[in-house]
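Below is one structure; the comments refer to it alone.
The values are calculated or read from the model by the stated rules, or taken from the named source; none is laboratory data. Since this is a predicted model, take the numbers as computed values, not measurements. Cβ: placed from backbone, ideal geometry, glycine included. Neighbour counts: every protein chain shown. For the accessible areas, the whole protein counts, side chains as well, though only heavy atoms, and no ligand, DNA or RNA atoms are used. Shrake-Rupley method; radii C 1.70, N 1.55, O 1.52, S 1.80 Å.
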Amino acid sequence: VAVEQHRLGVGQDPARRVAIEEVAAGAYHTVAITDEGELTAWGWNGYGQLGSPTNMPTYGLPVHPTDNTQRNLPTGAIFVDDVAAAARFIHTAAGVFHSGAIDTEGWAYLWGVNFQGQLCSGSVANVNYPTRIVSLPHDPSGVPIEGARWVQLALGHEHSILLASTGQVYACGSNVNNQLGRPRYTLDTGEGTLSSCPQTKTPFGCPTEFNVRWDRPVLVLGVDDAHPLQRVVKVAAGAYHNLALTADGEVYAWGDNRMNQLGQGPLLYRGPFGGAVHVPFFVFNENADLQPDGGPGALLPGTREPDHPWPGYKVLDIAAGAHFSLAVVVNITGKGCTADGAYTGHKCVKQNMHTGLTEEDWDIPRNIDLSSDHFRVD
């Protein structure tokens with residue numbers, strides 16, 4: 001993609017053109033990085049997510065194209081400090097109403113709406129300009145890790161996910177749907193004066209410090225809610241949920257699971273979860289009870305669970321939509337789910353339009369049958 005440089009706000013010579021190296025799409029805006037490492041953005045700017053001043057936070061369309069709540073052409077970001085102005089950017093991300101970028105030195109910048117602390121700035125004040133966050137990757141005790149830097153961002157609706165060069169994942173912003181990978185409550189069995197939180201106790205237990213939000217990067221925990229995720233090479237964020245891909249080809253998920261976007265199985269296995277949970281990739285087995293709530297084509301509720309994990313399958317890539325998840329999977333053994341079940345007896349079946357399966361929420365990761373070979377490797 002080529003864009004006239006003067007439209008980027010970095011020059012006046014219309015004959016000069018620059019290439020777009022990376023682009024990210026938010027809900028109502030787009031952010032891009034040029035081959036010169038500069039930030040440009042276009043779309044709606046009601047919360048300063050384009051990296052330039054906004055005159056009013058409103059959902060209404062501007063009355064004139066020059067209204068600061070909208071940019072209909074790529075417009076260069078504005079910087080208010082020399083450090084950010086001198087940065088050369090190599091990665092960008094866009095959420096619903098906020099944006100982010102990482103520079104060549106591994107520093108992260110976030111700007112836009114900040115009602116839930118999603119800018120990781122230590123406050124909830126909105127920011128109209130790309131602003132470096134002061135936090136660096138740190139160990140569980142909060143001590144910065146020498147030489148560590150930020151390598152990727154993934155932005156949701158009210159939260160941000162940051163991947164560090166150490167392979168650990170951090171989050172900030174809203175935790176109402178466990179987006180931060182931190183438990184919202186701790187178990188409290190005491191009653192009255194024996195309770196550890198008599199003033200704040202809820203039916204779910206005692207609220208933790210992460211119960212509502214956290215405005216600085218905090219380590220995302222794993223399945224046991226005690227140790228951080230490790231060896232992560234990529235992260236993705238939906239509106240209220242997240243995915244992490246490890247160097248071992250495994251996927252972990254955390255956050256909102258009301259639409260089965262965490263891939264944990266039938267509806268009865270919906271969260272809530274605190275830390276990230278492992279995503280099991282099951283054989284698309286015609287005998288599995290894929291709709292335990294008795295939907296079209298389902299067996300009786302609870303009669304059979306999808307209990308045949310794919311042997312030898314590894315995940316190559318991940319992506320998250322607002323309320324769903326995707327993964328690219330490869331079979332590295334040549335065994336597992338095949339068209340005729342010759343290898344393992346687990347026969348792959350296609351979506352049957354007459355059963356209604358394609359019209360329901362998919363509660364476990366499924367094959368998307370494009371060529372009918374089901375990722376088989378002979």
Item to complete: Report the equivalent ellipsoid semi-axes for region 118-238 in whole Å, largest first, defined as the square roots of five times the eigenvalues of the gyration tensor built from alpha carbon atoms.
Response: 28, 17, 13
Worksheet item: Between His138 and residues 5 or more places away or on another chain, which pairs have amide H atoms under 5 Å apart, with H built 1.01 Å from N, and which residues are they?
Response: Ile145
Worksheet entry | Radius 11 Å from Cβ of Ala101, net charge of other residues (Lys, Arg +1; Asp, Glu -1) | -1
Worksheet item: For region 182-250, with the dipole built from +1 on Lys and Arg beta-carbon atoms and -1 on Asp and Glu ones, taken about the Cα centre, which of Thr202, Asn242, Val223 lies farthest toward the positive end?
Response: Asn242
Worksheet item: If we sort 35-45, 108-118 on the protection proxy, mean other Cβ atoms within 10 Å, highest first, what's the order?
Response: 108-118, 35-45
Discussion item. Taking 2.2 N^0.38 Å as the expected size of a compact globular protein, what ratio does the Cα radius of gyration of region 66-181 give against it, to two decimals?
Written reply: 1.06
Worksheet, complete the sentence: Sorting Thr202, Thr34 on solvent-accessible surface, 1.4 Å probe, most exposed first, gives Thr202, Thr34
Worksheet item: Taking the highest mean first, how do the peptides 313-324, 141-152, 121-132, 229-240 order by number of other beta carbon atoms within 10 angstrom per residue?
Response: 229-240, 121-132, 313-324, 141-152
Discussion item. Checking a compactness column here: for region 139-191, what do you get for Rg(Cα) / (2.2 N^0.38 Å), N being the number of residues?
Written reply: 1.42
Worksheet item: Going by average Cβ neighbours within 10 Å, how do the peptides 97-103, 73-79 rank, with the highest at the top?
Response: 97-103, 73-79
Worksheet item: What is the dipole size for region 209-253, taken about its Cα centre, with +1 at each Lys and Arg Cβ and -1 at each Asp and Glu Cβ, in debye to the nearest 20?
Response: 200 debye
